[in-house]
Amino acid sequence: MQRVLRAAAAGIGHASGHRAPREAMSYDVVVVGAGPAGLAAAIRLKQLCRDADTDLSVCVLEKGSEVGAHVLSGNVFEPRALDELIPKWRQEDTPIRVPVSSDKFWLLTKNKAWTLPSPFDNKGNYVISLSQMVRWMASKAEELGVEVYPGFAASEILYDENQIVTGVATNDVGIAKDGSKRETFQPGRMTLLAEGCRGSLSEKIIRNHKLRESGQGQHQTYALGIKEVWEIEEGKHKPGSVIHTVGWPLDSKTYGGSFMYHLDDRQLAIGLVVALNYQNPFMSPYDEFQKFKQHPAVRTILDGGTVLQYGARTLNEGGFQSIPNPVFPGGAIIGCSAGFLNVPKIKGTHTAMKSGMLAAEATFKTLVEGSSMELYWENLKKSWIWEELYIARNYRPAFEYGFIPGIALSALERYVFKGKSPFTLKHGIPDHEATDMASLHSPIQYPKPDGQISFDVPTSLYRSSTNHEHDQPPHLRLRDPTVPERVNLPLYAGPESRYCPARVYEYVTDEKGDQKLHINAQNCLHCKACDIKDPKQNIEWTVPEGGGGPGYTVM
């Protein structure tokens with residue numbers, strides 16, 4: 001009860017301003033996010049406790065209705081970090097069971113697929129469902145004594161009088177729009193933020209503590225990944241087959257590409273990744289994905305198949321140049337919240353897991369041996385994460401010069417300099433600033449979905465199992481409610497109605513005949529593209545009620 005009173009005295013109470021005590025649960029370490037990084041950190045902490053014959057209480061909060069419900073990745077898994085974390089995992093019944101059997105790289109034109117030398121080395125890697133893998137990791141964490149709580153969305157960072165983070169507040173299930181019903185919070189001696197790409201609490205911490213400036217210094221850049229899982233015909237299924245493509249349907253100024261990964265049980269993961277620094281405000285990444293599936297080389301694989309699931313998620317592409325200092329007073333940022341994706345590998349799970357393990361080791365030494373969390377930052381820079389991202393640092397910014405120069409610079413980096421070039425390229429302007437005025441482009445007429453290979457948004461949304469309770473505070477907020485009609489619509493032709501892969505944002509005609517922005521928050525896939533791409537950074541994505549959002553099972 002002491003912690004409850006201290007939190008209440010700090011001014012944390014009902015939304016109406018009353019400072020009533022709130023339910024509290026105390027842990028030594030609170031991990032926000034049950035993805036690969038958060039669960040790896042929790043497992044590593046408990047392993048260290050076991051080896052030292054001591055104990056730390058560890059809690060993992062997950063905003064999804066269950067572990068894995070919000071995890072999406074087109075995933076060719078590199079097991080390097082898992083080999084370090086659980087060396088005997090191959091001897092267990094895991095969802096990591098389909099080794100890569102072939103690796104192809106295509107350059108697509110409108111009707112042709114040209115085979116190029118593959119720039120990837122996926123020998124020893126696996127084609128997996130990441131949502132299934134984190135469920136298995138959660139079971140391993142619980143075996144070690146970690147308490148995992150799905151359905152709890154961390155919405156607020158808690159500070160003490162010295163501005164040291166002491167934990168997080170969570171949106172309790174059942175809060176109405178008027179703010180009634182108490183919230184709960186989780187105070188802890190150390191808080192690890194593992195929210196995934198563009199984590200809402202992580203972004204506030206990075207901004208408030210100027211962690212990007214004290215890190216590598218450059219802004220983060222992002223891409224939007226849109227994905228489906230299909231069940232395809234037996235004769236077309238090749239377990240472990242991996243295909244990546246570049247080129248069509250994206251224009252020469254837009255960075256991106258696609259993937260097709262054959263899992264087991266006749267399942268195929270297919271997706272399109274579009275960099276969010278694209279210029280044309282009329283572009284719709286969702287419709288580009290539907291268009292991509294109609295390519296003759298792709299449609300041949302999909303014909304006769306059935307879509308099992310749909311989803312979307314943003315991913316970090318800033319790499320080495322954009323790594324923030326991940327340590328703040330009272331905790332650290334791990335995984336994709338900090339941004340450890342290796343862009344040329346198209347992999348970030350192994351680096352996310354390793355960052356969680358390094359943070360766990362620093363946390364243990366801090367709480368048990370009196371060390372400092374700065375050890376995490378120091379060891380990160382000595383780790384294979386740092387070496388790997390340094391070698392890969394120039395691939396993504398090379399494409400700031402266009403597709404052909406990007407391919408040429410990437411080839412030079414890979415085959416001549418081998419990642420040891422004497423220069424480090426910088427990223428261009430932030431993604432939201434890259435959006436051109438609508439007057440510089442013509443509207444794009446996308447083909448009507450055929451209902452067999454391509455689909456409309458409501459059909460896809462149904463396959464994502466997305467659901468939000470209607471009677472709750474809005475989690476998509478406009479900093480200035482006048483910006484959509486005053487700026488976005490007249491100058492950019494309302495791009496939010498197209499960059500969102502769930503059609504959360506639409507302009508509707510009111511009774512006066514004026515176009516007004518309507519937000520369908522219940523459709524939200526939690527991809528966070530709106531938080532990134534809005535031209536004036538007017539949309540703020542915050543966590544909804546815990547348990548809301550997509551319900552992925554095989555993504």
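What residue, of ASN122, ASN111, is touching a strand residue (DSSP E or B) at 6+ places or on another chain (Cβ under 7 Å) and either more than 27 Å from VAL29 (Cβ to Cβ) or open to solvent by 80 Å² or more (accessible area, probe 1.4 Å) (or both)? Steps first, answer last, please.
Details: ASN111 fails: touching a strand residue (DSSP E or B) at 6+ places or on another chain (Cβ under 7 Å).
Step by step, each of ASN122, ASN111 is checked, and only ASN122 is touching a strand residue (DSSP E or B) at 6+ places or on another chain (Cβ under 7 Å) and either more than 27 Å from VAL29 (Cβ to Cβ) or open to solvent by 80 Å² or more (accessible area, probe 1.4 Å) (or both).
Each row is one residue, and each column tells you yes or no for (1) polar (S, T, N, Q); (2) assigned to a helix (DSSP H, G or I); (3) out of contact with any Pro (no Cβ under 9 Å at 6 or more places or on another chain); (4) modelled with pLDDT under 95.
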{"residue": "ILE96", "(1), (2), (3), (4)": "no, no, no, no"}
{"residue": "MET137", "(1), (2), (3), (4)": "no, yes, no, no"}
{"residue": "SER180", "(1), (2), (3), (4)": "yes, no, yes, yes"}
{"residue": "PHE185", "(1), (2), (3), (4)": "no, no, yes, yes"}
{"residue": "THR191", "(1), (2), (3), (4)": "yes, no, yes, no"}
{"residue": "CYS197", "(1), (2), (3), (4)": "no, no, yes, no"}
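Which residues, taken from region 374-415, are assigned to a loop (DSSP other than H, G, I, E, B) and within 24 Å of the chain's Cα centre (by Cα)? Working first, answer last.
Narrowing region 374-415 to residues assigned to a loop (DSSP other than H, G, I, E, B): 383, 392-394, 402.
Answer for region 374-415, where residues must be assigned to a loop (DSSP other than H, G, I, E, B) and within 24 Å of the chain's Cα centre (by Cα): SER383, ALA392, ARG393, ASN394.
Looking at the structure I just gave you, is LEU39 farther than 30 Å from THR553 by Cα and either within 23 Å of the chain's Cα centre (by Cα) or modelled with pLDDT of 95 or more (or both)? Give the derivation first.
On the way: farther than 30 Å from THR553 by Cα: no; either within 23 Å of the chain's Cα centre (by Cα) or modelled with pLDDT of 95 or more (or both): yes.
When the stated conditions are applied, LEU39 does not pass them.
Taking the residues in region 488-530 that are of a type in the set (Asp, Glu) and open to solvent by 20 Å² or more (accessible area, probe 1.4 Å) as candidates, determine which candidate is modelled with the highest pLDDT. Walk me through it before giving the result.
Residues of region 488-530 that are of a type in the set (Asp, Glu), as a first pass: 496, 506, 510-511, 514.
This time we only want the ones that are open to solvent by 20 Å² or more (accessible area, probe 1.4 Å), so: 506, 510-511, 514.
Values: GLU506: 97, ASP510: 90, GLU511: 90, ASP514: 92.
Step by step, filter region 488-530, then rank; the result is GLU506.
Could you check how many residues of region 45-78 are surrounded by 21 or more Cβ atoms within 10 Å (Cβ to Cβ) and under 30 Å from VAL229 (Cβ atoms)?
Summing the residues that are surrounded by 21 or more Cβ atoms within 10 Å (Cβ to Cβ) and under 30 Å from VAL229 (Cβ atoms) in region 45-78 gives 17.
Consider region 419-462. How many of its residues are among the β-branched types (Val, Ile, Thr) and open to solvent by 30 Å² or more (accessible area, probe 1.4 Å)?
Residues meeting the conditions: 4.
Which condition number does VAL246 fail, the rest of (1) among the β-branched types (Val, Ile, Thr); (2) surrounded by fewer than 20 Cβ atoms within 10 Å (Cβ to Cβ); (3) under 18 Å from the mean Cα position of the chain (by Cα) being met?
Of (1) among the β-branched types (Val, Ile, Thr); (2) surrounded by fewer than 20 Cβ atoms within 10 Å (Cβ to Cβ); (3) under 18 Å from the mean Cα position of the chain (by Cα), only one is false for VAL246: (3).
Of the residues GLN267, GLN279, GLN218, GLN294, which single one is closer than 30 Å to TYR159 by Cβ and surrounded by fewer than 24 Cβ atoms within 10 Å (Cβ to Cβ)?
Details: GLN267 fails: closer than 30 Å to TYR159 by Cβ; GLN279 fails: closer than 30 Å to TYR159 by Cβ; GLN294 fails: closer than 30 Å to TYR159 by Cβ.
Exactly one residue qualifies, and that residue is GLN218.
When region 369-385 is examined, which residues are found to be within 18 Å of HIS350 (Cβ to Cβ) and either of a type in the set (Val, Ile, Thr) or in contact (Cβ under 8 Å) with a residue 60 or more places away in the chain (or both)?
Step one: list which residues in region 369-385 are within 18 Å of HIS350 (Cβ to Cβ), which gives 376, 379-385.
TRP384, ILE385, listed by residue number.
Looking only at region 139-159, count every residue that is assigned to a loop (DSSP other than H, G, I, E, B) and either outside the structural domain of PRO329 (by the TED database) or out of contact with any Gly (no Cβ under 8 Å at 6 or more places or on another chain) (or both) and tell me the total. Steps first, answer last, please.
Initially, region 139-159 is screened for residues assigned to a loop (DSSP other than H, G, I, E, B), giving 144-146, 151-152.
Restricting the remaining residues to those that are either outside the structural domain of PRO329 (by the TED database) or out of contact with any Gly (no Cβ under 8 Å at 6 or more places or on another chain) (or both) gives 144-146.
Of the residues in that region, 3 qualify.
Quick check on GLY257: is it open to solvent by 10 Å² or more (accessible area, probe 1.4 Å), small (Gly, Ala, Ser) and out of contact with any Pro (no Cβ under 9 Å at 6 or more places or on another chain)?
Working: open to solvent by 10 Å² or more (accessible area, probe 1.4 Å): yes; small (Gly, Ala, Ser): yes; out of contact with any Pro (no Cβ under 9 Å at 6 or more places or on another chain): yes.
Criteria met by GLY257.
The values are calculated or read from the model by the stated rules, or taken from the named source; none is laboratory data. All values derive from a computational prediction rather than experimental measurement. Backbone-built Cβ (ideal geometry, glycine too); neighbour counts: all protein chains shown. These area figures cover heavy atoms from the full protein model, side chains too; ligands, DNA and RNA do not enter into them. Shrake-Rupley method; radii C 1.70, N 1.55, O 1.52, S 1.80 Å.
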